[in-house]
Amino acid sequence: MNQYIRYGIYKPEEIFPFLVDQSLVRDMKTLGIKHADPLFKKATEKNYDGHSVKMYSTRYHLFKKNLVCVGCGMRGSYFALEKDKKAVADRCHFNLYGVNGDKEILFTQDHIVPISKGGASNALSNLQTMCTVCNHKKADNHTVKLSDEQELMCLIREYNKADEKATKLGTNLAKVSEALWRSGTISLDRLLELLPVGYASFKLRALNKKQKILMLGEYE
Ligand SMILES: [Zn+2]
């Protein structure tokens, strides 16, 4: 089941020489030239067999830099001019594909630092080429990590429900939080946001302070 309607197949060398630099797009915006302006279209779009394609997408620039999946080493070998079946008003755009045996594999841009962890959403420096097979594997791992956060939320609810803030629950909460923090699963800021004020958050703050002192060689 394909989500795209396909209009044609193109070699990378039919696309890359015609990419439009994003600084040009920024300059035109500064000059007040809107996307709908014929001048803007003329400068940033190219016609492929009767279909007008925007040529400044970050994705194309990323693929020009690297056609190889950072996960498995598969090479993206051709572009397909396609349109999303569901998005009726959508324009034609290029999708990069590689071939594995008799399977066609779609390529995508992957955020090196996830947006959820403060990574830039559209900066070329935070993007890497990845096939969708590797991208889904990465997403699956992320789901496992999310369930850690859910587990923590259960503990917090339990702690909050307890009549007396039982020492054992507090210790447990501190232990789990510390493990999540040390493994890089949840950032310290996020943990402190989630944790109720009490033993666990106090302990994490203290640990972080100690770590900073060790790292920076600072003494108080
Ligand atoms: Zn891959």
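The values are calculated or read from the model by the stated rules, or taken from the named source; none is laboratory data. Computed from a predicted structure; not experimentally measured. Note that each Cβ is placed from the backbone with ideal geometry, even for glycine, and that neighbours are counted across all protein chains shown.
Selection of helices (runs of 4 or more DSSP H) fully inside the range 102-220 by the criterion of at least 1 residues being in contact with a strand residue (DSSP E or B) (Cβ under 8 Å, 6 or more places away or on another chain) and at pLDDT 85 or above returns 132-161. The set of residues in the range 12-47 that are within 22 Å of L67 (Cα to Cα), touching a Phe, Trp or Tyr at 6+ places or on another chain (Cβ under 6 Å) and of a type outside the set (A, V, I, L, M) comprises Q22, K46. The residues of the range 42-65 that are touching a strand residue (DSSP E or B) at 6+ places or on another chain (Cβ under 7 Å) and more than 22 Å from L24 (Cβ to Cβ) amount to a single one, D49. Here is a check on your reading of the model: is L127 buried (at least 17 other Cβ atoms within 10 Å of the Cβ), within 16 Å of the ligand (Cβ to nearest atom) and closer than 30 Å to L191 by Cα? In short, yes.
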